[in-house]
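A.B. asks: Here it is: the structure, laid out below.
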Amino acid sequence: MKELVSIVKRVENIAENTYSLTVVLPESAGEIKGGQFLNISTGDNSRLLKRPLGIVKADGNEITVCFQVKGEGTVALSKAKAGDKLSVLLPLGNGFEIPESAKNIVVLGGGVGIFPLLPVVCGNKNKKFYTYLGFRNKNCACLTDEFKVSEKLTVVTDDGSLGKKDNAVNAYFSEIESVSADLIIACGPPVMLRALKLKLKENNVTTPCLVSLEERMGCGIGACLVCVCKKSDGGNARVCKDGPVFDIREVEL
Ligand SMILES: Cc1cc2nc3c(=O)[nH]c(=O)nc-3n(C[C@H](O)[C@H](O)[C@H](O)COP(=O)(O)OP(=O)(O)OC[C@H]3O[C@@H](n4cnc5c(N)ncnc54)[C@H](O)[C@@H]3O)c2cc1C
Ligand code: FES
């Protein structure tokens, strides 16, 4: 893990209220696994706490993240200009550990939860990905072209303005018989991950399932305990350091 001062290369509006930000690092950050994240300063000195964002693309010294504007920090990031300096701490978290034996992988992404899934899909060319992406509506949909490297891509929206009116979890379960998965990976809002956990249980699906969790964070490196989540065995885990990727059956959602 390194703390580096990056230079903003570009900021692009990729969907309603959603931006991609590419920064250039002064040196390589080393190997980055899909699902790992960075902590980035917002460029506004009145907000000292960095914001956690999934690493969408790492290309040499160039790193791209994508984010939805939520509060003051992401508003400030959306206004960053080429040449601005932003401090980054990376790579953080465990990322998705994809076993060699997993050949057919189901990918379930909801909203901004699609971002940490893209490097997994793009970075494992010897696997087949069956990807289901859910967005609120067509104006919120983004990166759908990038996910076309999947063996099969299904895009759905809450209002039916793009693809079927559905969500990613239901879309997968409606055709679960036709997709024989060795592994499921998922990231999305808590309501989506809870629905996924319930459906796996109700349908007696035993396929291994990894989920990337989102918690409010402080330090991002395991020191402040702001991000603690409950484990199914009664213990606790730090989402930033022990996660953000967990076995869905090992965490309380
Ligand atoms: C591991 C991880 C990866 C993430 N990846 C992405 C991503 O790729 N794209 C994306 O759009 N969002 C992602 N998020 C959520 C993103 O970090 C928050 O939306 C963002 O921090 C909100 O900051 P803000 O200042 O705009 O909002 P505010 O609500 O003003 O933030 C106030 C404080 O709360 C913290 N905070 C608020 N919401 C969250 C949250 N959901 N998670 C963590 N801290 C939060 C902020 O860091 C800040 O300290 C990720 C979160 C985590 C934990
Ligand atoms: S954010 Fe500080 S321990 Fe996780």
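The values are calculated or read from the model by the stated rules, or taken from the named source; none is laboratory data. All values reported here derive from a predicted model rather than from experimental measurement. Counting neighbours? That spans all protein chains shown, and the Cβs are built from the backbone with ideal geometry, glycine included.
A.B. asks: Which ones in the stretch 171-186 are crowded, with 18+ Cβ neighbours inside 10 Å, under 19 Å from ASP247 (Cβ atoms) and not aromatic (Phe, Trp, Tyr)?
C.D. replies: ALA181, LEU183, ILE184, ILE185, ALA186
A.B. asks: So which residues in the stretch 195-223 are surrounded by 14 or more Cβ atoms within 10 Å (Cβ to Cβ) and away from ligand 2 (no atom under 12 Å from the Cβ), if there are any at all?
C.D. replies: ALA195, LEU196, LYS197, LYS199, LEU200, VAL205, THR207, PRO208, CYS209, LEU210, VAL211, SER212
A.B. asks: Hey, among LEU108, LEU153, which residue is crowded, with 18+ Cβ neighbours inside 10 Å, aliphatic (A, V, I, L, M), at pLDDT 95 or above and within 21 Å of GLU214 (Cβ to Cβ)?
C.D. replies: After ruling out the rest, the residue left standing is LEU108.
A.B. asks: Let me ask another. Considering every residue within the stretch 10-31, establish whether at least one is in a strand (DSSP E or B), of a type in the set (Lys, Arg) and within 16 Å of ligand 2 (Cβ to nearest atom).
C.D. replies: No: the stretch 10-31 contains no residue that is in a strand (DSSP E or B), of a type in the set (Lys, Arg) and within 16 Å of ligand 2 (Cβ to nearest atom).
A.B. asks: Quick one: which of CYS240, CYS140, CYS224 is closer than 20 Å to ILE98 by Cα and not assigned by TED's automatic domain parsing to the domain that holds GLY34?
C.D. replies: Testing whether each residue is closer than 20 Å to ILE98 by Cα and not assigned by TED's automatic domain parsing to the domain that holds GLY34 leaves just CYS240.
A.B. asks: Taking the stretch 167-217 only, how many residues are of a type in the set (S, T, N, Q) and within 14 Å of ligand 1 (Cβ to nearest atom)?
C.D. replies: Within the stretch 167-217, residues that are of a type in the set (S, T, N, Q) and within 14 Å of ligand 1 (Cβ to nearest atom) number 1.
A.B. asks: When you scan the stretch 224-247, how many residues do you find that are away from ligand 1 (no atom under 15 Å from the Cβ) and either under 18 Å from the mean Cα position of the chain (by Cα) or small (Gly, Ala, Ser) (or both)?
C.D. replies: 4
A.B. asks: Only one residue in ILE55, ILE40 is in contact with a Pro (Cβ under 7 Å, 6 or more places away or on another chain) and among the hydrophobic types (A, V, I, L, M, F, W, C). Which one?
C.D. replies: Among ILE55, ILE40, only ILE55 is in contact with a Pro (Cβ under 7 Å, 6 or more places away or on another chain) and among the hydrophobic types (A, V, I, L, M, F, W, C).
A.B. asks: Given the structure, is LYS230 in contact with a Lys or Arg (Cβ under 8 Å, 6 or more places away or on another chain) and more than 10 Å from ligand 2 (Cβ to nearest atom)?
C.D. replies: It is false that LYS230 is in contact with a Lys or Arg (Cβ under 8 Å, 6 or more places away or on another chain) and more than 10 Å from ligand 2 (Cβ to nearest atom).
A.B. asks: Scan the stretch 227-253 residue by residue and report those that are crowded, with 21+ Cβ neighbours inside 10 Å and either among the basic types (Lys, Arg) or in a loop (DSSP other than H, G, I, E, B) (or both).
C.D. replies: CYS227, ARG238, VAL239, CYS240, GLY243, PRO244
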